[in-house]
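Colleague: Below is the structure I would like to discuss, written out as structure tokens.
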Amino acid sequence: MCGIVGYIGAKEKKNILLDGLKELEYRGYDSAGIAIIENGELKHFKAVGKLKNLRDKTKKYSSSGFGVAIGHTRWATHGKPTELNAHPHLGEYSFVVHNGIIENYQEIKNELEDVGVNFLSQTDTETIVHLFEKNNTNLNNPFHAFKKTISKLNGAYATLLITEAEPESIFFAKNGSPMLIGFNGDEIYFASSDTPIIGKATEVYYLEDGEYGYAKNGEVKLFDSIGIEKEIIKKPLATDKKMAQKDGFRFFMEKEIYEQSQVMNDCMIGRVLDNRIEFEELDSNLFRDINSIKICACGTSYHSALTGAYLLERLAKIPTQVEIASEFRYKEPLLQKDTLFITISQSGETADTLEALKMANRAGLKSLTICNVDNSSIVRESSSAILTRAGIEKGVASTKAFATQTMVLWMLTLYIAELKGNISKDRLDDELHAIRKIPKALIVTDRLHDKIHRLSKRYLHGHGFFFIGRDIFFPLALEGALKLKEISYLHAEGYPAGEMKHGPIALADSELFTIALMPKSLHYDKIKSNVEELSARDATILAISPEEFELADDFIKTKYSSHAMLEFFEMMVITQLLALEISIRLGNDVDMPRNLAKSVTVE
Ligand code: AGP
């Protein structure tokens, strides 16, 4: 998730920007930059890596007098983390910073290049500043030019633009990505969230989607999505920085569960098109002469890999094997060159996964990674990479990374299926229709969260939990069990529902809690009879299903039943919230569970 700060006023601007960006570090970034106009003169600085590098670069610089200033921390989505790709992006006489993804940037970029505009970076953002200057050349009115520019953008953006053509203004627009305006007398602040302006501004206005405008001479002109000027209703600004970083949630994990709907949109943008899947970062030759796939990962990433394997074989008709990286490394695996080696990793730094990837590379296999951190070791070691665009994941127990990994695998399956001619147009349309519903299916309602909060009080003891499911709900059962184990420290295991009778059912009694994933759209009758066998032996059953199940001791009714992946993502949120609420009741540190690290960079 990128971070944005802006300031208009007479205070020293460099430190306001750098201190503000520091407060946004928790969002994760790989480069940063600032741009300032004062006395009509443009100054800018950029640096790759941590903010310290940018502070070092600006050590000798200090602004003075009235001016406008913008700053940005970048989480790479388009283009590697380099200085050229860092924001602010420069036109001839203007600078822009942007958070989000411009879905139609390639079309805009092509039009601009056709009229001779030179692009320095690989980013979607740079199109904004060049399009603005082209419009300003035609209109000779910076605000009208900005308005026309924004109207052309499709996708998610929170953007600030400053220009020598109007050196006392900051132009702003918000759609899909967060941004707020802070006020303190005649000083105006902009930020992606409140933490950068706590202690500086006294009042705040949270921009709504579609709103845009400009700040000048201590006041803000605000317009709604249809161009009508709007009155700004300011609110007092929060004062607790830690709480602000969590945006009011109790834990980062809770916040990240709620973020899944939004980050899923980011993950899909520019990839889920009207009638097909597109990965601009992939060369279709990657799949030439590939007859099988091997996916290698650890922990939660291994669970998304297992889910992906079901989809790849069923829809893309490509034989797929999944390996736990720490096992793969020492099993003397047979590796063939017609096998595509896929790694999955949130951090991109997991030692076992990285070493497995190096083994595959040494054996001459083509490799692809599905990762959340650009320029990480695993990304750099892979021939190709698909970024999940989940933004920084602070909770040690992975949630939104798992969700976006699974989505990328589903999109990749459809991409390969079409490439190899293994899917009918009707089936592809059905899959795309379901995919488009996923962000909505991930929305956490108060009603659901309250129900799970109440239910969780019954599951604080017992001699263990079984999460059971069939087909893709088996890896989801594994993931649900891992979430619970990780943050509640209660024993839980995921099991294929059909396997319970081959031993584990011996554990069944009233103190054994079974969380049964019972989708309507996939093998419902089979899973139902497995659960009935457990209930007959007095196991305590929490059934999660769109269909009432009278033998359940507890029941969470789900909404979706038309497509297995819709049911998958809806049940995923329920298992995440269940683990969260049980852990909170037990008084555990949800974000930093004992004995665990966010990234296991050692064997
Ligand atoms: C998941 O909740 C855990 N934090 C852990 O299993 C994690 O998924 C595993 O260590 C792999 O990490 P990676 O995705 O960064 O490679």
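The values are calculated or read from the model by the stated rules, or taken from the named source; none is laboratory data. As the structure is a prediction and not an experimental result, all values here were calculated from the model. In this analysis, Cβ positions are derived from the backbone assuming ideal geometry, glycine residues included, and neighbour counts consider all displayed protein chains.
Colleague: Among residues belonging to the stretch 276-299 that are in contact with a strand residue (DSSP E or B) (Cβ under 8 Å, 6 or more places away or on another chain) and outside any loop (DSSP other than H, G, I, E, B), point out the one that is nearest to the ligand (Cβ to nearest atom).
Modeller: ALA297
Colleague: From the residues in the stretch 537-550 that are under 18 Å from PHE473 (Cα atoms) and assigned to a loop (DSSP other than H, G, I, E, B), which one is nearest to the chain's Cα centre (by Cα)?
Modeller: This residue is PRO546.
Colleague: State all residues of the stretch 69-82 that are touching a Lys or Arg at 6+ places or on another chain (Cβ under 8 Å) and at pLDDT 95 or above; if no residue qualifies, say none.
Modeller: ALA69
Colleague: Being more than 16 Å from the ligand (Cβ to nearest atom), small (Gly, Ala, Ser) and part of a helix (DSSP H, G or I): is that true of ALA305 here?
Modeller: no
Colleague: If you go through the stretch 420-453, how many residues are farther than 15 Å from ASN275 by Cα and among the hydrophobic types (A, V, I, L, M, F, W, C)?
Modeller: Residues flagged as farther than 15 Å from ASN275 by Cα and among the hydrophobic types (A, V, I, L, M, F, W, C) within the stretch 420-453 amount to 7.
Colleague: Does the stretch 381-411 hold any residues that are more than 12 Å from THR343 (Cβ to Cβ) and either polar (S, T, N, Q) or free of Cβ contacts under 8 Å to residues at least 60 places away in the same chain (or both), and which are they?
Modeller: Listed by number, the residues that qualify are THR388, SER398, THR399, THR404, THR406.
Residue by residue, here is whether (1) at positive phi; (2) of a type outside the set (S, T, N, Q); (3) at pLDDT 95 or above holds:
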{"position": "VAL129", "(1), (2), (3)": "no, yes, yes"}
{"position": "ILE150", "(1), (2), (3)": "no, yes, yes"}
{"position": "TYR157", "(1), (2), (3)": "no, yes, no"}
{"position": "SER169", "(1), (2), (3)": "no, no, yes"}
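Colleague: In addition: Scan the stretch 518-536 residue by residue and report those that are touching a Ser or Thr at 6+ places or on another chain (Cβ under 9 Å) and in a helix (DSSP H, G or I).
Modeller: Of everything in the stretch 518-536, those that are touching a Ser or Thr at 6+ places or on another chain (Cβ under 9 Å) and in a helix (DSSP H, G or I) turn out to be TYR524, ILE527, LYS528, VAL531, LEU534, SER535.
Colleague: Related question: Does ASN135 meet the test of being out of contact with any helix residue (DSSP H, G or I) (no Cβ under 6 Å at 6 or more places or on another chain) and touching a residue at least 12 places away in the same chain (Cβ under 8 Å)?
Modeller: Taking the combined requirement at face value, the residue does not satisfy it.
Yes or no, residue by residue, for (1) surrounded by fewer than 21 Cβ atoms within 10 Å (Cβ to Cβ); (2) touching a strand residue (DSSP E or B) at 6+ places or on another chain (Cβ under 6 Å); (3) not β-branched (Val, Ile, Thr):
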residue: HIS433; (1), (2), (3): yes, no, yes
residue: LYS437; (1), (2), (3): yes, no, yes
residue: ILE443; (1), (2), (3): yes, no, no
residue: LEU460; (1), (2), (3): yes, no, yes
residue: GLY469; (1), (2), (3): no, yes, yes
residue: ILE472; (1), (2), (3): no, no, no
residue: LEU482; (1), (2), (3): no, no, yes
residue: ALA497; (1), (2), (3): no, yes, yes
residue: SER510; (1), (2), (3): yes, yes, yes
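Colleague: For the stretch 551-574, how many residues meet the condition of being over 17 Å from PHE467 (Cβ atoms) and assigned to a strand (DSSP E or B)?
Modeller: Of the residues in that region, 1 qualify.
Colleague: Would you point out the residue of the stretch 93-114, among those that are at pLDDT below 95 and of a type in the set (A, V, I, L, M, F, W, C), that is nearest to the chain's Cα centre (by Cα)?
Modeller: Among residues in the stretch 93-114 that are at pLDDT below 95 and of a type in the set (A, V, I, L, M, F, W, C), the one nearest to the chain's Cα centre (by Cα) is ILE101.
Colleague: Out of the residues in the stretch 69-109 meeting the condition of being of a type in the set (A, V, I, L, M) and out of contact with any helix residue (DSSP H, G or I) (no Cβ under 8 Å at 6 or more places or on another chain), tell me which one is surrounded by the most Cβ atoms within 10 Å (Cβ to Cβ).
Modeller: Across the stretch 69-109, the extreme among qualifying residues is VAL97.
Colleague: Pick from the stretch 110-161 the residues that are surrounded by fewer than 18 Cβ atoms within 10 Å (Cβ to Cβ) and of a type in the set (Ser, Thr, Tyr): which of them is nearest to ALA76 (Cα to Cα)?
Modeller: SER151
Colleague: Report, by residue number, each residue of the stretch 303-313 that is hydroxyl-bearing (Ser, Thr, Tyr) and either over 20 Å from ALA477 (Cβ atoms) or surrounded by fewer than 23 Cβ atoms within 10 Å (Cβ to Cβ) (or both).
Modeller: Across the stretch 303-313, the qualifying residue is only TYR310.
Colleague: Just to be sure, is GLU418 touching a residue at least 12 places away in the same chain (Cβ under 8 Å) and within 16 Å of the ligand (Cβ to nearest atom)?
Modeller: Answer is no for this residue.
Colleague: Can you tell me which residues in the stretch 179-199 are in contact with a strand residue (DSSP E or B) (Cβ under 6 Å, 6 or more places away or on another chain) and in contact (Cβ under 8 Å) with a residue 40 or more places away in the chain?
Modeller: Hits for the stretch 179-199 are MET179, ILE181, GLY182, PHE183, GLU187, ILE188, TYR189, PHE190, ALA191, SER192, PRO196, ILE197.
Colleague: Turning to a different aspect of this structure: Taking the stretch 225-240, which residues are under 12 Å from ILE197 (Cα atoms) and in contact with a Gly (Cβ under 7 Å, 6 or more places away or on another chain)?
Modeller: Of everything in the stretch 225-240, just one residue is under 12 Å from ILE197 (Cα atoms) and in contact with a Gly (Cβ under 7 Å, 6 or more places away or on another chain), namely LEU237.
Colleague: May I ask you to list the residues in the stretch 581-602 that are within 12 Å of the ligand (Cβ to nearest atom) and either touching a strand residue (DSSP E or B) at 6+ places or on another chain (Cβ under 9 Å) or more than 13 Å from LEU490 (Cα to Cα) (or both)?
Modeller: Selection gives VAL590, ASP591, MET592, ASN595, LEU596, ALA597, LYS598, SER599, VAL600, THR601, VAL602.
Colleague: Scanning the stretch 548-580 for residues that are among the hydroxyl-bearing types (Ser, Thr, Tyr) and modelled with pLDDT of 95 or more, which turns out farthest from the ligand (Cβ to nearest atom)?
Modeller: THR558
Colleague: While we're here: Could you count how many residues in the stretch 486-516 are free of Cβ contacts under 8 Å to residues at least 40 places away in the same chain and on the phi > 0 side of the Ramachandran plot?
Modeller: 1
Colleague: Right, something else. Out of (1) under 25 Å from THR388 (Cβ atoms); (2) crowded, with 22+ Cβ neighbours inside 10 Å; (3) not aromatic (Phe, Trp, Tyr), what's the single condition that is false for LEU54?
Modeller: (1)
Colleague: Is at least one residue of the stretch 216-234 out of contact with any strand residue (DSSP E or B) (no Cβ under 7 Å at 6 or more places or on another chain), closer than 30 Å to ILE342 by Cα and at pLDDT 95 or above?
Modeller: Scanning the stretch 216-234 turns up no residue that is out of contact with any strand residue (DSSP E or B) (no Cβ under 7 Å at 6 or more places or on another chain), closer than 30 Å to ILE342 by Cα and at pLDDT 95 or above.
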